[in-house]
Amino acid sequence: MRYERRNIVAIYSDIIAELRRDKGIQQRDIAKHFGIAQSTYSMYETGVRRMSIEMLVEIAYYLDASVDYILGISTAPQPVGRKATNPYRENFF
């Protein structure tokens, strides 16, 4: 599969912003959930700041989307057979 040559930050920033808006969630609510400043989260959505892999996974889980979808690799927001709980969640933050 050939990956689109667009900047990866531009891809995920657009997608997380769209997912958040579609779910009716405010930036301040996500920032509070993760214990970060709203300005930090805003920079993720505008592409000014890169997020860690751990934050990417956590945001994907929070927004109920696959990491592949957020990175623009998949067109399916959720992976097939996604479980309701994340067995790895306790390892983050």
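The values are calculated or read from the model by the stated rules, or taken from the named source; none is laboratory data. This is a predicted model, so every value here is computed, not measured. Cβ sites come from the backbone with ideal geometry, for glycine too, and all protein chains shown count toward neighbours. SASA here: full protein model, heavy atoms, side chains in, ligands and nucleic acids out. Shrake-Rupley method; radii C 1.70, N 1.55, O 1.52, S 1.80 Å.
Quick look at the values:
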quantity	calculated
Per residue, in Å², the accessible surface of segment 1-80 once ligands and nucleic acids are set aside, probe 1.4 Å	61 Å²
Sequence ranges 56-67, 28-39, 7-18, ranked by mean other-Cβ count within 10 angstrom, highest first	56-67, 7-18, 28-39
5 Å binning of all Cα-Cα separations within segment 5-62, expressed as whole percents from 0 upward	4, 20, 34, 31, 9, 2, 1
